[in-house]
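Nothing in this text is a laboratory measurement; each read-out follows from the coordinates by a stated rule. Values in this document were obtained by computation on a predicted structure and should not be read as measured data. Here Cβ is always computed from backbone atoms with ideal geometry, including for glycine, and neighbour counts include all displayed protein chains.
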Amino acid sequence: MTDYIPVSGVVACHICPRRYYFERAEEHEESPRYTVCKQVSAHLGELLEPESVWQEILCILPDAPPETRDFFDECIAACRETAWQTPVQTDLAVESDRLGIRGRVDKVFPDNTFAVTRSSAAPKAGAYGTDRLRVACYTACLTETLGRPVAGGYVEYVANGVCRFVEPQPRDRREMVRAIRAAKRVIAGDLPPRPIRAPCDGCPHFERCMAGPRRLSDLF
Ligand code: SF4
């Protein structure tokens, strides 16, 4: 199978398939916030040496804006308060032939669970719907890639030093199947209708979305 849908695309379609239609061909720059969280996360479960982690961040992001250091210090302080598992593998490429999706799992643990790293602040309890969907997708991918059952995965909210386990439920898998179907239609060239409760506030595609072009090729 060659036309795998990235897990990020499945999540984007869950939020608004129409926005995914507009953005699919665009390059997305990594945010400094994500760079910090990803690099701090890489050292969780071992002795945290802030200055050496910070030097790694500067190596990855030489032009980090000044406020990045403050955010980094907050992450380090928050993460010191939590006990973290040590992964057996990081950044593992995984895919599901059955669903036609693929992605990269941030961490895999010895008990076949895994973790995804997020740069958003944690919700009061549990995980955001989009993160539950991510975990459902990666659970399916990792189960097929490893060839053994995977119960679920952790969401690491590095900014708060919080780690939450998500065991996907039927409703999460239903959302996943629905979003994959929507992504397949977008990839086939269909412009999806505007969802009834679409998150349009601040959407950069508002104008052309309301103008309602029929095909991506109509936009150029
Ligand atoms: S304006 Fe609203 S419906 Fe249109 S792409 Fe953006 S979020 Fe989706």
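Helix-only arithmetic for the chain: the sum of -39500 (n - 2.57) across DSSP H runs with n ≥ 4, divided by the residue total, places the mean residue ellipticity at 222 nm at -13000 deg cm²/dmol. Under the convention that each Lys and Arg Cβ holds +1 and each Asp and Glu Cβ holds -1, the size of the dipole of the range 5-175 around its Cα centre is about 940 debye.
Take every pair of alpha-carbon atoms less than 8 Å apart whose residues are at least six positions apart; their mean separation over the length of the range 1-128 yields a relative contact order of 28 percent. Entry note, the chain: relative contact order of 26 percent, from Cα contacts under 8 Å with a spacing of 6+ residues. Length gained on full extension, GLN55 to ARG174: 38.6 nm, using 0.36 nm per residue less the C-alpha separation. For VAL88 and LYS124, what is the calculated FRET efficiency with R₀ set at 25 Å and r taken between the beta-carbons, to the nearest 0.05? That pair, VAL88 with LYS124, gives E of 0.20. Axis of helix 50-60 versus longest Cα principal axis of the chain: the two differ by about 30°, to the nearest ten degrees. Using the Cβ-Cβ distance between LEU48 and ASP111 with R0 set to 30 Å, the FRET efficiency works out to roughly 0.85.
Find how much the distance from MET210 to GLU26 grows on full extension, using 0.36 nm per residue of separation minus their present alpha carbon separation; answer in nm with one decimal. Gain on extension, MET210 to GLU26, equals 64.3 nm. Mean-square fluctuations from a GNM of the chain, with a 10 angstrom spring cutoff on Cα atoms, peak among VAL155, VAL105, VAL88 at VAL88. Would you kindly derive the ³J(HN,Hα) couplings of the range 201-210 from the backbone phi angles with the Karplus curve 6.51 cos²θ - 1.76 cosθ + 1.60 (θ = phi - 60°), listing them in order in whole Hz, with x for Gly and Pro? For the range 201-210, the Karplus-derived couplings read 4, x, 5, x, 9, 3, 5, 6, 5, 6 Hz, x marking Gly and Pro. Backbone N atoms of the range 3-31 closer than 18 Å to the 7 Å Cα→Cβ label point of ASP201 belong to residues 15-16. Hey, what angle do you get for helix 170-187 against the long axis of the chain, alpha-carbon based, 0 to 90 degrees rounded to 10? Result, in degrees: 60. Our note on the geometry: Cα centres of the range 11-26 and the range 148-202, 12 Å apart.
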